[in-house]
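Scroll down for the structure; my scribbles are underneath it.
Bear in mind that the values in this text are calculations on the coordinates, not laboratory data. As the structure is a computational prediction, the values presented were derived from the model and not from experiment. Glycine also receives a Cβ, built like all others from the backbone with ideal geometry; neighbour counts cover every protein chain displayed.
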Amino acid sequence: MVALAPLFDAILQHLTLVFTSLAIGICLATPLAIFSVFYKRVSYVVLTVINMVQSIPSFALVAIIVPLVGIGFVPGVVAIVLGSIVPIVKNMYVGLAKTDIALIDTGKGMGLTDLQIVRYVRLPLAYPAIFAGLKFSAIIANGIAVLTAIIGSGGLGRIIFEGLASFNINKTLSGAIPAILIALSLDMIFSIAEKKLKSKSVY
Amino acid sequence: MTKIYKESKAIDDLSFEICKGELFVILGSSGSGKTTTLRLINRLIDPDEGAVYLNGNDTKTMDPVKLRRKIGYVIQQIGLFPHMTVKENIGLIPHLEKWKEEDISNKIDELLTLVALPPQLFRSRYPNQLSGGQQQRVGLARALVMDPPLLLMDEPFGALDPLLRMQLQNEFLSIKRKLDKTIVFVTHDIEESFILADRIGVMHGGKMLQIGTPSELLFEPANEIVSKIIGAENKFKAIKFLQAKDVMILIDKNCLIESDISCKEAIDKMISGKIDSCIIKKSNSDIAHISLIDLLNEKDKERSVMDLGNKLSVFAPSDTLSSIILLLKPSKESMAAIMDHDKVLGIVRLNSVLMNLI
Amino acid sequence: MTVIDTILSVWTVHQITLRTIQHLYMFSIALILSILIGVTLAILVYSNPKLANIWFNVLNVIEMIPELALFIFLLPILGLGEKPTIAACVLYSILPIMRNAYTGLAHVSNEYIEIARAIGLTKNEILLKIRLPMALPLISSGIRVAVVYIMGIVTLGGLIAAGGLGVPLQAGIYRYDIPAIIVAALWVGTLGVFFDFIAWIIENRLARRFNPW
């Protein structure tokens, strides 16, 4: 068996990796998605790039970070953001852009500004799509966070790689099982957050 | 209020005025530019040439958001926000305008009552918990929340079934009477336009072909196209929705004589007024018609006119021509008086009206 | 050394041609298995939404497991190498294919089914002649998702001795061999984008030929 203290540290490190990357991902994705809603050309470029990034194997993304950023925690975060931002942008864009034209029209006719329409009409109606994207993104981030241990980001992946190198099945399991549990709880956390947000009044 | 636009395709060199307080219907088929015209008013689109004037001010100089908050807007799809309750839908703009919560709440209750939805039952419902008619009432309440002097309505009853549509049209007319608003109402439904309109503007191919009251359009269409759109060649159908006010002959003051004068006085009055028939108002429900010849034939010239004349049936200005015909037919009367409360407005001569309809 | 020389040297030293062949071999096997299993399962459950839902819930949980963690669970059963890699690919790819195939089969507009019945087709004939062809565009977009998944997981197979293009990536990282990393990563990336593009073209063709949705 493995000592509990290093495992605990690894879990903490892993969660830090995942949540830092998610936070950065959301901060980058939101303006991208909103710009894409209002500017056709931006949306075309963003969607094309994003679709390409999505089809690149995550291992290749992680590897290419080494010559570009180096190794360690920060390169790990960069790789995770790169690999997991796609569903956030995509779903946010689709959610915000597909709003019923009649609703946008009445919103405008009532005298809402473009940003107020985003805030009061488009955004709340896009919650299901956005949360589906966030959930998916969190799951992917968790997966890549295991992988980035290979470029020295730390986290649960380190325990798995060490276990693989020494053919220690118990050690690999002690890394893999928490990683799976984290994935399941991420899914749950976002489901609960969505319900909380939905039950709140719109303003 | 004056508007002048020149837009090459959808709107073609359009210029017309809408008067304060009237219900102006823009009638036209799809593609006639009627909706475009409406959207030009609240600047959902801007004209390529020309301008829209509101109380003499060019709307282009106004902030579109502020402008729209002063103009109510109702569309066929209703556009109630599905994620907001009735209360939140109506209260959104007041909330953004930072009204006090209490004021918003009171206003919402007042408006819901106005559109015949009991507030305590409907405040907290979501749009998908409402019927189509209820949704459209909430849509109207929402458009009225900022107490806008101008209301734009784009086929608001278009998606409802005919029976419900008729009911809402009537309700809307009575609500309209309670409010002092200028309303621009877009529809492709001739019947609806005749029922609601003070004046109708007929649009086709981005042009305003003719503006007039329902009977003006029906009896004096400006050209072939108007006549086709209005269905003037088949005017007879119009008896269903032409109202008394559209076809009555207005009564001149001289033609109205009091009931307490004698036959002789009445004759003098008519001869000096150069009229040969007149209306006697005996009471609010007892109106009679008498001609000069009848008066001259009367032997007892000192007799009060109270006892003379042919009694006329009385109708309200909004009664339809068909209901008048139906009621007059059994007694073979050919004339009816139109009264608004205790005021005699005019008379309808069935023969001449029907002659016009053929 | 010029850039081309560097590339050529990395290519020979790391046996990229051989690795690519291994890579595409695993990719093809995994994709074919995923399609066969995914579509078969969809056919088995399309008339039973409750059963379908149970399947989807189970597959959904598998989908959440990090790829490496799934490898770890497959190792004791299948050992190291190609087998656990292909197994992991299939486990991840069944869901998108099966879900799309299920949607396509189960939600064919009722009027078509009515007409098919009216002209005397049996249930199986309706499945083969009506439902399956009409579901093709949806199935193909599920396959496109699977293509991307499988490309990613086969690459990870390098970490558990399955060969393929993950091997030069891993070697490059461990030895801090920057040219190897760049060449291998760009090559894998290009392959990923290329196969996604091919899948996209097929998806588009099918959707344009008959899109009942």
Open item on the list: Name the residue from B:Ile271, B:Ser215, B:Ser291 whose Cα lies farthest towards the positive end of the charge dipole of the stretch B:163-318, charges +1 on Cβ of Lys and Arg and -1 on Cβ of Asp and Glu.
Closed with: B:Ser215
Open item on the list: Quick query: amide H of B:Val186 versus all other amide H atoms, modeled in the peptide plane; which residues come in under 5 Å with a sequence gap of 5 or more or a different chain?
Closed with: B:Ile26, B:Met153, B:Asp154, B:Glu155
Task: Cα pair distances exceeding 31 angstrom across chain C, given as percent - done: 32 percent
Open item on the list: For Cα pairs less than 8 Å apart in space and 6+ apart in sequence, what is the mean separation divided by the residue count of the stretch A:4-196, i.e. the relative contact order in percent?
Closed with: 28 percent
- [ ] Using only Cα atoms, locate the centre of the stretch B:47-113 and the centre of the stretch C:122-160, then give the distance between them in Å, rounded to an integer.
- [x] 50 Å
Open item on the list: Quick check of the Kirkwood formula: for chain A, what is the inverse mean of 1/r over all pairs of different Cα atoms, in Å?
Closed with: 18.3 Å
Open item on the list: Under 29 Å between alpha carbons, and skipping anything fewer than 8 positions from B:Lys228 in its own chain: which lysines qualify?
Closed with: B:Lys3, B:Lys6, B:Lys9, B:Lys34, B:Lys207, B:Lys237, B:Lys240, B:Lys245
Task: Under 12 Å from the Cα of B:Lys66 - aspartates and glutamates, other chains or at least 8 residues apart - done: B:Glu97
Task: Given charges at beta-carbon only (K, R positive; D, E negative), |dipole| of the protein assembly as shown in Debye - done: 1400 debye
Task: Square roots of five times the Cα gyration tensor eigenvalues for chain B, Å - done: 45, 25, 19
TODO: Sort the following peptides by mean Cβ neighbour count (other Cβ atoms within 10 Å, averaged over residues), highest first: B:291-301, B:133-143.
DONE: B:133-143, B:291-301
Task: Ordering of A:5-12, A:50-57 by burial proxy (mean other Cβ atoms within 10 Å per residue, highest first) - done: A:50-57, A:5-12
TODO: Multiply the residue separation of A:Leu4 and A:Ile189 by 0.36 nm, subtract the distance between their alpha-carbon atoms, and state the gained length in nm to one decimal.
DONE: 64.1 nm
- [ ] Have a look at the protein assembly as shown and give its Rg and Dmax from the Cα atoms, expressed in angstrom.
- [x] 38.4, 135
- [ ] Note down the nm distance, to one decimal, between modelled labels 7 Å out along Cα→Cβ at A:Asn170 and at C:Tyr174.
- [x] 2.5 nm
Task: Between 0 and 90°, nearest 10: helix B:132-144 axis offset from chain B longest Cα axis - done: 80 degrees
Open item on the list: Under the 0.36 nm per residue contour assumption, what length would be gained going from the current alpha-carbon distance of C:Ala118 and C:Ser9 to full extension?
Closed with: 32.5 nm
Open item on the list: Give the separation of the Cα centroids, the stretch B:271-287 to the stretch A:100-126, in Å.
Closed with: 60 Å
TODO: Please identify the helices of chain C, taking whole runs of DSSP H, that span at least 27 Å along their own axis as judged from the Cα atoms and have a mean Kyte-Doolittle score of -1.0 or higher.
DONE: C:16-45, C:82-106, C:132-156, C:178-209
Open item on the list: Springs between alpha-carbon pairs under 10 angstrom, Gaussian network model over chain B: which of B:Ile261, B:Ile41, B:Ile175 fluctuates most?
Closed with: B:Ile261
Open item on the list: Between B:Leu326 and C:Ile21, what is the label-point separation in nm under the 7 Å Cα-to-beta-carbon projection?
Closed with: 9.2 nm
Open item on the list: Once you place label points 7 Å from the Cα toward the Cβ at B:Asn55 and C:Arg209, how far apart are they in nm?
Closed with: 6.6 nm
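Relative to the present Cα-Cα distance, how much length would full extension add between B:Ser124 and B:Asn223 at 0.36 nm per residue of separation?
Difference between extended and current length: 30.5 nm.
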